[in-house]
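Here is the structure we will look at.
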Amino acid sequence: MDKPKLTIDEMAVFCKRKGFVYPSAEIYGGIAGFYDFGHLGVELKNNIKKEWWKTFVQQRDDVVGIDGSIITNPMIWKASGHVAGFTDVLVDCQKCNSRFRADTLIEDKLKIPTAGMTMEGLSAEIKEHKIKCPKCSGNLGDVKKFNLMFTTSIGPVQGSAAYLRPETAQLIFADFRLVQENARLKLPFGIAQIGKAFRNEISPREFLFRMREFEQMEIEYFVHPEKQDECPFIEDVIDYELNVLSAEMQKNKKNMEKLHAYWLASMHKWFVELGASPEHFRIRQHVKDELSHYALDTWDLEYEFPFGWKELQGLSNRTDFDLKQHMEHSKTDLSLFDEETKKKIIPHVICEPSQGVERAFLVFMFDAYNYDKSRENVVLKLHPKLSPIKIGVFPLVSNKADVVKKARGVYDELKQHWACTFDLSGSIGRRYARADETGIYATVTIDFDTLEDDSVTIRSRDTMEQIRVKISELKDVLSKFMEGEKLGKMGKGVG
Ligand code: ATP
């Protein structure tokens with residue numbers, strides 16, 4: 001089995017061809033940074049979100065979720081610092097007026113990291129290396145700041161400006177007190193959210209990697225300000241190995257907090273348990289000048305995309321910055337009463353795992369994509385929990401009414417339990433290939449013998465192994481197969 005590396009553009013083509021992702025409004029020429037998810041993409045995306053929510057919210061005692069609004073009181077974004085400081089560095093072409101993100105332009109042209117460079121430093125690099133406009137080769141101006149928040153207005157009154165949220169985190173801080181009281185949470189605890197975020201990125205690119213509308217899965221994990229070194233769950237991950245590149249190795253900085261280590265390992269584990277390859281991940285600490293305005297320390301979980309090691313997930317130590325800001329701006333007390341010391345305390349967010357859903361989508365697609373030379377087709381080896389469609393039901397022939405009817409009966413039963421598809425067009429080989437390419441985990445074929453012995457053939461996507469089982473046992477066998485049991489052990493092999 002060969003696994004050629006797809007480029008990001010080739011992945012975009014594959015996703016479009018197979019019904020995963022389309023450029024938004026393509027019939028009107030599309031719109032940069034916006035994508036629509038097709039009939040398979042929406043299932044994969046929902047499965048990713050469902051697995052994340054199950055692992056990090058439902059299966060934990062210390063994390064609860066919320067679903068905040070996309071447009072909210074703009075004071076939130078003033079308090080959080082986004083109005084003043086949520087900016088990227090932009091450079092204009094003085095000839096054609098095209099705009100580029102200065103840091104990525106320099107990284108692309110000079111192949112050097114720009115993390116931590118000041119605006120003056122970036123301008124100097126552009127001048128010194130005579131970097132020109134990539135579109136028309138015109139001269140570039142000075143580097144300036146550009147705020148990434150989309151603005152809108154509320155109601156019919158002019159001037160009531162608002163923003164589309166650029167991150168989900170702030171809604172968690174603003175609702176902090178209500179959630180803590182109503183869910184009766186005791187420190188340390190987390191509040192999670194999955195939802196849309198919007199950023200007016202200067203140069204959206206690399207397909208789903210840098211979009212203007214995307215989704216985030218985030219947890220704000222609150223700890224007692226005097227117990228920041230404690231992590232009650234560290235033993236769960238103590239032997240877990242990660243590929244780490246610390247700021248100390250890059251320049252100079254402090255070591256990882258236990259809670260940071262715990263969440264990094266847990267997030268990495270989540271990806272690996274859902275089928276991603278551990279060797280494609282590494283952990284990188286932000287160097288001092290790279291940190292966001294709210295962060296004391298940040299560690300990124302990075303993935304080796306075809307265009308290099310890039311941030312997959314950011315895990316920041318936001319301290320008590322956000323709660324304090326909201327206390328000051330809203331004049332509301334968001335502190336908690338500490339029973340031990342009988343004092344009011346403001347919890348710290350020592351770690352905020354923040355994951356883009358679409359970047360996770362890319363990881364699972366890249367790691368699942370295999371071209372099988374002997375089959376002469378792609379086999380999309382998605383974990384069964386993620387596969388958009390788990391089971392394909394195929395009547396061996398499409399022109400025999402009793403075989404088709406029997407197959408429909410099997411399909412009607414199986415679709416009560418899993419996402420299934422019914423396919424009777426083309427040869428059986430063609431149908432298997434189509435199923436492989438879209439990640440269908442198992443196929444069930446109904447043939448002439450089924451009419452006699454009530455048995456069907458199950459085929460494994462990954463091994464092509466086939467077994468014969470009774471229809472009465474089918475649901476049980478498929479359940480076990482999807483939980484990882486070997487197909488060969490559960491029925492009579494078919495040659
Ligand atoms: P980058 O440095 O790549 O711009 P960031 O540091 O601004 O990312 P965060 O603010 O930490 O990103 O956002 C948390 C996560 O949200 C990121 O790790 C990423 O998975 C996702 N994300 C951020 N911006 C985008 C985007 N424009 N398109 C898709 N996903 C994004």
Selection over the stretch 262-293 where residues are modelled with pLDDT of 90 or more, assigned to a loop (DSSP other than H, G, I, E, B) and either within 15 Å of the ligand (Cβ to nearest atom) or aliphatic (A, V, I, L, M) (or both) yields a count of 2
When the stretch 394-409 is examined, which residues are found to be open to solvent by 90 Å² or more (accessible area, probe 1.4 Å) and farther than 14 Å from Thr445 by Cβ?
Asn399, Lys405
Identify all residues within the stretch 311-321 that are open to solvent by 20 Å² or more (accessible area, probe 1.4 Å) and more than 10 Å from the ligand (Cβ to nearest atom); write none if there are none.
Thr319, Asp320, Phe321
Reported set for the stretch 294-304 where residues are within 11 Å of the ligand (Cβ to nearest atom), of a type outside the set (Ser, Thr, Tyr) and either in contact (Cβ under 8 Å) with a residue 60 or more places away in the chain or surrounded by fewer than 19 Cβ atoms within 10 Å (Cβ to Cβ) (or both) is Ala295
Does the stretch 75-87 hold any residues that are open to solvent by 30 Å² or more (accessible area, probe 1.4 Å) and in contact (Cβ under 8 Å) with a residue 24 or more places away in the chain, and which are they?
Met75, Lys78, Val83, Gly85, Phe86, Thr87
Against the conditions (1) away from the ligand (no atom under 16 Å from the Cβ); (2) in contact with a Pro (Cβ under 9 Å, 6 or more places away or on another chain), where does Glu120 fall short? Just the number, please.
(2)
Yes or no: the stretch 148-165 includes at least one residue that is over 27 Å from the mean Cα position of the chain (by Cα), aliphatic (A, V, I, L, M) and part of a loop (DSSP other than H, G, I, E, B).
yes
Inside the stretch 350-369, can you point out the residues that are closer than 28 Å to Gln228 by Cα and either within 13 Å of the ligand (Cβ to nearest atom) or at pLDDT 95 or above (or both)?
Cys351, Glu352, Pro353, Ser354, Gln355, Gly356
Where residues in the stretch 370-385 are among the aliphatic types (A, V, I, L, M) and in a strand (DSSP E or B), which of them is nearest to the ligand (Cβ to nearest atom)?
Leu380
For the subset of the stretch 166-202 comprising residues that are part of a strand (DSSP E or B) and under 21 Å from Ile346 (Cβ atoms), which member is farthest from the ligand (Cβ to nearest atom)?
Phe189
Of the residues in the stretch 162-210, those that are open to solvent by less than 30 Å² (accessible area, probe 1.4 Å) and acidic (Asp, Glu) number 2
Return the residues of the stretch 322-348 that are surrounded by 15 or more Cβ atoms within 10 Å (Cβ to Cβ) and modelled with pLDDT under 95; say none if nothing qualifies.
Asp338
Is it the case, given these coordinates, that Lys45 is closer than 20 Å to Glu311 by Cα, touching a residue at least 24 places away in the same chain (Cβ under 8 Å) and of a type in the set (Lys, Arg)?
yes
So, in the stretch 211-247, of the ones that are within 16 Å of the ligand (Cβ to nearest atom) and open to solvent by 40 Å² or more (accessible area, probe 1.4 Å), which residue ends up farthest from Met365 (Cα to Cα)?
Leu245
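The values are calculated or read from the model by the stated rules, or taken from the named source; none is laboratory data. Everything numeric here is computed off the predicted structure, so don't read it as measured data. Cβ atoms come from the backbone with ideal geometry, glycine included; neighbour counts cover every protein chain shown. Ligands, DNA and RNA are excluded from the accessible area calculation, which covers all protein heavy atoms including side chains. Shrake-Rupley method; radii C 1.70, N 1.55, O 1.52, S 1.80 Å.
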